[in-house]
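What follows is a single structure, written as structure tokens, with notes after it.
The values are calculated or read from the model by the stated rules, or taken from the named source; none is laboratory data. Given the structure is predicted, the values throughout are model-derived calculations rather than measurements. So basically every Cβ, Gly included, is an ideal-geometry build from the backbone, and we count neighbours across all protein chains shown. We work out accessible area using only protein heavy atoms, side chains counted, and drop any ligands, DNA or RNA first. Shrake-Rupley method; radii C 1.70, N 1.55, O 1.52, S 1.80 Å.
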Amino acid sequence: MRLLIVSNRLPITVEKQNGKLEFKQSVGGLVSGINDYLNMIKSSDFLKSEHLWIGTPGIDAESKNKEELTKIFLNEYHCQPVFLTEKVMEKFYYGFCNKALWPLFLSFPSYVEYDDEYWQIYKDVNFAFAQQVLKVIEPEDIIWIHDYHLMLLPQMLRNEKPEAKIIFFLHIPFPHFELFSILPKKWRSEILKGILGAEVVGFHTYEHLQNFLQCVLRFLGYKHEMGKILIDNRLVKAGAFPIGINFQKFYEALNNPKILGKVKELKQKLDIYKVLLSIDRLDYSKGVANRLKGYELFLKENPQYLEKVVLIMVIVPSRVGIEQYQKTKRQIDELVGRINGRFANVNWTPILYQTTFLPFDDLVTFYNIADVALIIPLCDGMNLIAKEYIASRTDGTGVLILSEMAGASKELTEAILINPYDISAIASSIKDALEMPVDEQIRCNKKMQERLKRYHVGKWGDDLIKELLSVKEEQKKFKVKLLSSSARERLLSEYQKAKKRLIFLDYDGTLVPFAYDPKIPKPGREILKLLKGLIDDGKNEVVIISGRDKDTLQRWFSSINISMVAEHGILVKEKGKVDWEMLRPLKNDWKTHILPIFQTYSDRLPGSFIEEKDYSIALHYRQSDPEQSSIIVNDAIEYLISFIANLDIQVLQSDKVIEVRCAGANKGTAALWWQSKFNYDFILAIGDDLTDEDLFMVLPQEAFTIKVGIIQSNAKFNVRNFMEVRELLKQLITK
Ligand code: GDG
């Protein structure tokens, strides 16, 4: 088994410096997290596997060095580069990804910019990635796709490789549905469907997961059960898998004499100060400006700390090509200048400001010398720096001030958690942190360290892969039995041989698609012609077996001489006869009690309406808000079940309808009645609804039973949709 990691950027970026190519480590949490995971699996018991990382190399390769670069990437870094031109990268990465998706997903809607061209390029790039993956994929590979740049990729791969094992993980928050609605309708559903091409969809937190599931329900109409979503009979599991870190790497860093030396040296230099630390990638979502304003207010309100604290502020350059990032950088520079200008003197500078990427040793040195870490993003998927700081504090001292808006705040609950928009809270939390007793610091940090040690990055990755394997296993249950060409041949040949045939056909969803208004799908010419064709073959008894009321069926099918069953088996009418019969005497006086209940629920559920039939009442809610429906419908069902306890009626829930009807009669009882009338040597039953299951169950073993839709069923075979049913009926007629 091989692990194919797919992300926008490779972990190594190539840059041209003075005409020479240089290979550098890429910046950011995604690369840190996956690199650490890959290092850990080398010694893992669960997954000792090869890997290949697919992504862009950071350079617009000229055709002459593409091959050479590919070789270096493959041989030295286990990487497969996807080359994109600078022009495409501009619109894809700087455009759609970072001007539209990033601000939207990180809750900065006013920064969102998009246009059709960006979207088209986003699709093209996802497609280019798909082509690259398809070139290298082997049957046993696990494909692990990362982040918001590649949300269409899972489904693109699924279309080509239905059996592929795919995980999608989102490193940033998934927005609330109201924010997600900012995207045009078509894009929203393409993005959601794209992600759902994976078997496992992972988020850092439960909140991000809930937002995603809510969008899936609202915009695609798929419900979930404990994060499991069934899509065309394919199981997808969405869950929260908070990323961890390589705990030991940070906890044991001081065992390295070089790092220890650096820590001692810097501690000596800053001996007289309490040290505050702030490290981030340059990004407006990291809230650096607020942090600086909070620090300024702290200095103003606490003059006793002047010349006694320093803030080491590291900003690692990122996405500098985007105007909003340049603005953020200017704002930070100005604030640093203002604060230093306001408070500094010849002996002391309150902010030591650095804007370069730090080598690992320097990064851990900073973690180790900082008495307080200020990690206060306005919004963040997780934030690994917060975790790394705590893990680095081997002696247990140090205080973490952490934003409530970072995913990490859900796990690091012993940190000082603050609202990053509240400047005075930032100021007062700095004071609290500086004055926190050491034993309190140790007590809090030890707890957090235990958690970080237990749920480390290896566990994160392993959990996602275990989940994938378990979904694959569970998926086997949902395997359907599509009507294969050989089964179809057998059906047609038995049909031809038979002397007397019985054919049951459900109507809605079987012969015609579902419509919002039940009055709409009356049979058109094509259907009537098909049915007539079947009837005209004198050997066929054709029965429309439906949940519809008798008057509707009568009206729709009066032009052809066909047998009918109405209200899911309560009323039958044989062809050529005028009257409808009830197979068992039933009462409908209960309707006067149930109708007002339905009315109340319908009033509470806008978009729903009531259909009253002779022996049943239905509440249709296909057009209602899906979330509101699920609450009200559950409530209605619970209430109805308790209400009807002593009545001879039953409650039935099928696709976007609740129905109350007389008990004791169903499509199965009607089918048996029909079957007993003659010695048929060929029986065919086709239906899509839950109520058709009664029919499939009672028919003899040799009957051909067909479920419409890719759904588990008691029927022997499945076809995909009503069009395939029509196709099959056409074949019967021409036989
Ligand atoms: C995204 C999500 C989510 C930073 N500066 C230096 C450096 N780093 C390393 C840190 C840390 C990583 O980069 C930053 O990770 P974050 O999680 O803080 O932030 P993002 O880059 O925004 O990452 C984020 C993450 O993905 C993982 O899923 O947590 O929410 O936005 O590992 O150590 N490393 C070195 N020098 C630096 O100057 N060596």
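Below are the figures for this structure:
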item	result
Residues located in the stretch 332-349, provided they are open to solvent by 80 Å² or more (accessible area, probe 1.4 Å) and in contact (Cβ under 8 Å) with a residue 12 or more places away in the chain	R338, R342, N347
Among (1) crowded, with 20+ Cβ neighbours inside 10 Å; (2) over 30 Å from P103 (Cα atoms); (3) of a type in the set (V, I, T), the one test that I272 misses	(1)
D579, sole failed condition from (1) closer than 24 Å to G538 by Cα; (2) touching a residue at least 40 places away in the same chain (Cβ under 8 Å); (3) of a type in the set (D, E, K, R)	(2)
Only one of L402, L384 that is within 16 Å of the ligand (Cβ to nearest atom), open to solvent by less than 10 Å² (accessible area, probe 1.4 Å) and out of contact with any His (no Cβ under 9 Å at 6 or more places or on another chain)	L402
Test result for L452, within 16 Å of the ligand (Cβ to nearest atom) and out of contact with any Gly (no Cβ under 8 Å at 6 or more places or on another chain)	no
Where a residue in the stretch 244-261 is open to solvent by 40 Å² or more (accessible area, probe 1.4 Å) and its partner, wherever it lies, is part of a helix (DSSP H, G or I) and within 14 Å of the ligand (Cβ to nearest atom), with Cβ under 6 Å and at least six apart	Y251/A391
Segments classed as helices (runs of 4 or more DSSP H), wholly inside the stretch 175-255, with at least 2 members that are within 15 Å of the chain's Cα centre (by Cα)	177-180, 185-195, 206-215
Residue list for the stretch 405-421, filter: of a type in the set (A, V, I, L, M) and within 14 Å of the ligand (Cβ to nearest atom)	M405, A406, A408, L412
The stretch 346-381: number of residues that are in contact with a Lys or Arg (Cβ under 9 Å, 6 or more places away or on another chain), assigned to a loop (DSSP other than H, G, I, E, B) and away from the ligand (no atom under 14 Å from the Cβ)	2
Pairs, first among the polar types (S, T, N, Q) in the stretch 423-437, second open to solvent by less than 50 Å² (accessible area, probe 1.4 Å), C-beta under 7 Å, six or more apart	S424/L297; S429/I401; S429/I416; S429/I418
Residue check for E163: of a type in the set (D, E), over 16 Å from V236 (Cα atoms) and surrounded by fewer than 20 Cβ atoms within 10 Å (Cβ to Cβ)	no
Among the residues listed as K300, K329, K293, the single one being among the charged types (D, E, K, R), open to solvent by 40 Å² or more (accessible area, probe 1.4 Å) and within 16 Å of the ligand (Cβ to nearest atom)	K329
Test: residue in the stretch 507-516 that is out of contact with any helix residue (DSSP H, G or I) (no Cβ under 8 Å at 6 or more places or on another chain), of a type outside the set (S, T, N, Q), surrounded by fewer than 14 Cβ atoms within 10 Å (Cβ to Cβ) and in contact (Cβ under 8 Å) with a residue 24 or more places away in the chain	yes
Given (1) modelled with pLDDT of 95 or more; (2) aliphatic (A, V, I, L, M); (3) farther than 30 Å from E163 by Cβ, index of the condition L491 fails	(3)
Residue count, the stretch 309-326 (criterion: surrounded by fewer than 20 Cβ atoms within 10 Å (Cβ to Cβ), within 26 Å of N368 (Cα to Cα) and more than 16 Å from the ligand (Cβ to nearest atom))	1
Selection status of M564, of a type in the set (A, V, I, L, M) and over 28 Å from K716 (Cβ atoms)	no
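Residues are listed down the side, and each one gets a yes or a no for (1) in contact with a Lys or Arg (Cβ under 9 Å, 6 or more places away or on another chain); (2) modelled with pLDDT under 95:
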{"site": "A427", "(1), (2)": "yes, no"}
{"site": "D432", "(1), (2)": "no, no"}
{"site": "M436", "(1), (2)": "no, no"}
{"site": "K447", "(1), (2)": "no, no"}
{"site": "L452", "(1), (2)": "yes, no"}
{"site": "H456", "(1), (2)": "no, yes"}
{"site": "V480", "(1), (2)": "yes, yes"}
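Yes/no per residue for (1) open to solvent by less than 80 Å² (accessible area, probe 1.4 Å); (2) modelled with pLDDT under 90:
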| residue | (1), (2) |
| --- | --- |
| L528 | yes, no |
| K532 | no, no |
| V542 | yes, no |
| I545 | yes, no |
| S563 | yes, no |
| A566 | yes, no |
| K573 | yes, no |
| R584 | no, yes |
| E611 | yes, no |
